[in-house]
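Let me begin by presenting the structure, written as structure tokens, before commenting on it.
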Amino acid sequence: MKLLLDANLPPQSAKRLQDLYPNSLHLRNLTMSSASDTEIWAFAKREGFVIVSKDSDFYNRSILLGYPPKVIWLKLGNCSVAGLERVLRDNVERIETFESDTTSAFLILM
């Protein structure tokens, strides 16, 4: 499973989560930090990424457009890098189930 971390998430997290989510990237790794949501959506869809964001933008888009790509919305408020990574690590089974579920477009983690 490949996660595409939105610009609002720490860039180092993609590398630090490689053991659970191989080939995951941050938008900064792709020089897409200033890309539009439409461009990010198209890239994730084309390349098979699950978008992870703290903003509701991609969640809202998934309601309108369905998937792919799938979206994980992290409703965490302000938190440390370690706290964010812990949520993604602690929910790995839930995220794997979500990715393989053919009826779910988004997953909200709090």
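Any read-out appearing in this document is the output of simple, stated calculations on the displayed coordinates, not a laboratory observation. Since the model is a prediction, treat every value here as computed from it, not as a measurement. Positions of Cβ are generated from backbone atoms using ideal geometry, with glycine treated the same way; all protein chains shown enter the neighbour counts.
Per-structure values
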| read-out | value |
| --- | --- |
| Dipole of the chain [Lys/Arg +1, Asp/Glu -1 at C-beta], most positive-end residue of V92, L27, S104 | L27 |
| Estimated dipole of the chain in Debye, rounded to 20 [Cβ of Lys and Arg +1, of Asp and Glu -1, Cα centre] | 160 debye |
| From the C-alpha gyration tensor of the chain, square roots of 5λ in Å | 18, 16, 14 |
| Alpha-carbon centroids, segment 1-51 and segment 78-110: separation in whole Å | 14 Å |
| Cross-link reach list, lysines versus K2, counting only Cα pairs under 16 Å and skipping chain neighbours closer than eight places | K15, K45, K70 |
| Around G83: net Lys/Arg minus Asp/Glu count, Cβ-Cβ under 15 Å | +3 |
| DSSP H segments from the chain that extend 30 Å or more along their own axis, Cα-based, with Kyte-Doolittle mean of 0.0 or above | none |
| For segment 38-82, size of Cβ-based charge dipole, Lys and Arg +1, Asp and Glu -1, in debye | 120 debye |
